[in-house]
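Here is the structure we will look at, set down as structure tokens.
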Amino acid sequence: SAAPSISEAIAAVGEASVEYKLDGARIQVHRSGDDVRIFTRNLADITHRLPEIVEVVTQMPVHDVVLDGETLALDEDDAPRAFQDTMARFGAETARDIALRPWFFDILHLDGRDLIDEPLAARLETLARIAPDHRVPGGLTADAEVAERIGGESLAAGHEGVMVNGIDSLYAAGLRVSSWVEFHPLHLS
């Protein structure tokens, strides 16, 4: 659901993961040994389009993993490029000059262990251990001021706002649940 402010999102959820809301393309990555497959939200296999993401996941210290995330194109200052640039690159049948960077916000399976019934806090701890450089930026907090600071950092970095996810929430594929709240301010011109 959407919240009118980050503070209200924290008040509704309590202790939460407050993460940057990225304006990218949703991906789910499956790895088994050296075989990596990347799927869209609609389960289209797009592995051949994203060799740079295959390379990142192949280098993780795991044998089997299923990751949920976003990918987006960054400029030379590591700021997000226009959504259209990301989608043009994401939709291309072959790799292009613009590289896409993966950002993972959840882990569903790791080396024979399903994680979907574990609370978000445990899944994020596991994700931070195997992919520290590819986690969506943010932090865990119940403090509205800390959450507001993360929101400000997200906006300053050129992102949409934040996602506020209750740390006890379980994974729910494709569902919006009360423990997940997003905040992005309206941009008036």
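Of note, Ser169 satisfies the criterion of being modelled with pLDDT under 90, open to solvent by less than 70 Å² (accessible area, probe 1.4 Å), of a type in the set (S, T, N, Q) and in a loop (DSSP other than H, G, I, E, B). Residue count for the stretch 135-147 under the criterion of being part of a helix (DSSP H, G or I) and surrounded by 18 or more Cβ atoms within 10 Å (Cβ to Cβ): the result is 1. Considering the stretch 1-69, the qualifying strands (runs of 3 or more DSSP E), each wholly inside and each with 1 or more residues that are without any contact (Cβ under 8 Å) to a residue 40 or more places away in the chain, run over 25-32, 35-39. The number of residues in the stretch 104-134 being part of a helix (DSSP H, G or I), free of Cβ contacts under 8 Å to residues at least 40 places away in the same chain and charged (D, E, K, R) comes to 3.
Comparison of Gly14, Gly24 shows that the only residue that is modelled with pLDDT under 95 and buried (at least 17 other Cβ atoms within 10 Å of the Cβ) is Gly24.
Just checking, which of Arg41, Arg101 is basic (Lys, Arg), more than 20 Å from Ala157 (Cβ to Cβ) and open to solvent by 40 Å² or more (accessible area, probe 1.4 Å)?
On the way: Arg101 fails: more than 20 Å from Ala157 (Cβ to Cβ).
Of the residues listed, the single one that is basic (Lys, Arg), more than 20 Å from Ala157 (Cβ to Cβ) and open to solvent by 40 Å² or more (accessible area, probe 1.4 Å) is Arg41.
The values are calculated or read from the model by the stated rules, or taken from the named source; none is laboratory data. This one's a predicted model, so the numbers in the text were calculated from it and none came from an experiment. Using ideal geometry, Cβ is built from the backbone for each residue, glycine included, and neighbour counts are taken over all protein chains shown. Remember, those area values only see protein heavy atoms, side chains included, never the ligands or the DNA or RNA. Shrake-Rupley method; radii C 1.70, N 1.55, O 1.52, S 1.80 Å.
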